[in-house]
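Q: Starting off with a structure, shown below.
Laboratory data are not the source of any read-out in this text; all were calculated from the coordinates shown. This structure is a prediction, so every number in the text was calculated from the model and none was measured. Please note: Cβ atoms are built from the backbone with ideal geometry, for glycine as well, and neighbour counts cover all protein chains shown.
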Amino acid sequence: MLTRAEALIDRDGVAAFSLRALSRELAVRPAALYNHVTSRDELLQAVTERFVAGFDLTGVGEQPWPQWVRSVAVDLRRRMLDHPERAELVLTRAPGTPASRTFLQRFLDDLVAAGLERSTAHVAWHVMMAVVIGVVQVERPHGPDPAGTFDAVLDVALDGILVAASRPPSDHMTALLHAHHSADEPTSSG
């Protein structure tokens, strides 16, 4: 059911998605879906969870951390542009979901293991997400920018993160980390 819901969202868009439309797609009565989900919202949340859980965070030990952050950002952007309707769900529903918290924790833990201070790793997360989300918002209606805006902006962002990583974290960076409790402590595996 989840795979068919994803395909329907990709084809028709989030706004047109309904349990009734999914039931038609599955050739079942609408009431049959309620044996599996309680609402459209719950199903959209499940689609969002699965999409976020599919983001790749492998390879931090195989390359210097700035190149790893770049590869994570490139993968996020590619997946969001490959599935623009699911990208809308990520932008509106992903923050605070279990998959997003796991993704954030793994990102931070991997950067800390690579030598960054946790506050700096947390700011790197925010910078990377701001670049990816900002560029995706512009590119979603038109496709990737042939002028290379994403690469240019990501270069500048990574340069800034490198400078931040070379200094002790600022009071603002430390306060930001402490304000985001889910990012403040490493995971038990990290």
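Q: Test LEU8 against the criterion of being in contact with an Asp or Glu (Cβ under 7 Å, 6 or more places away or on another chain), in a helix (DSSP H, G or I) and more than 24 Å from GLY96 (Cα to Cα), and give yes or no.
A: Answer is yes for this residue.
Q: Quick check on my filter: what residues within region 116-153 are among the β-branched types (Val, Ile, Thr) and free of Cβ contacts under 8 Å to residues at least 12 places away in the same chain?
A: VAL138
Q: Exactly one condition in (1) assigned to a helix (DSSP H, G or I); (2) over 23 Å from THR3 (Cβ atoms); (3) in contact (Cβ under 8 Å) with a residue 24 or more places away in the chain is false for LEU81; which is it?
A: Against the list (1) assigned to a helix (DSSP H, G or I); (2) over 23 Å from THR3 (Cβ atoms); (3) in contact (Cβ under 8 Å) with a residue 24 or more places away in the chain, LEU81 comes up short only on (2).
Q: Which condition from (1) more than 23 Å from VAL131 (Cα to Cα); (2) without any contact (Cβ under 8 Å) to a residue 24 or more places away in the chain is the one that LEU26 breaks?
A: (2)
Q: May I pose another question? May I ask you to say which residue of LEU43, LEU33, LEU26, LEU22 is among the aliphatic types (A, V, I, L, M), more than 30 Å from SER166 (Cβ to Cβ) and touching a His at 6+ places or on another chain (Cβ under 9 Å)?
A: Answer to the check: LEU43.
Q: So if I check each of VAL123, VAL132, which one is closer than 21 Å to GLY54 by Cα and buried (at least 20 other Cβ atoms within 10 Å of the Cβ)?
A: VAL132
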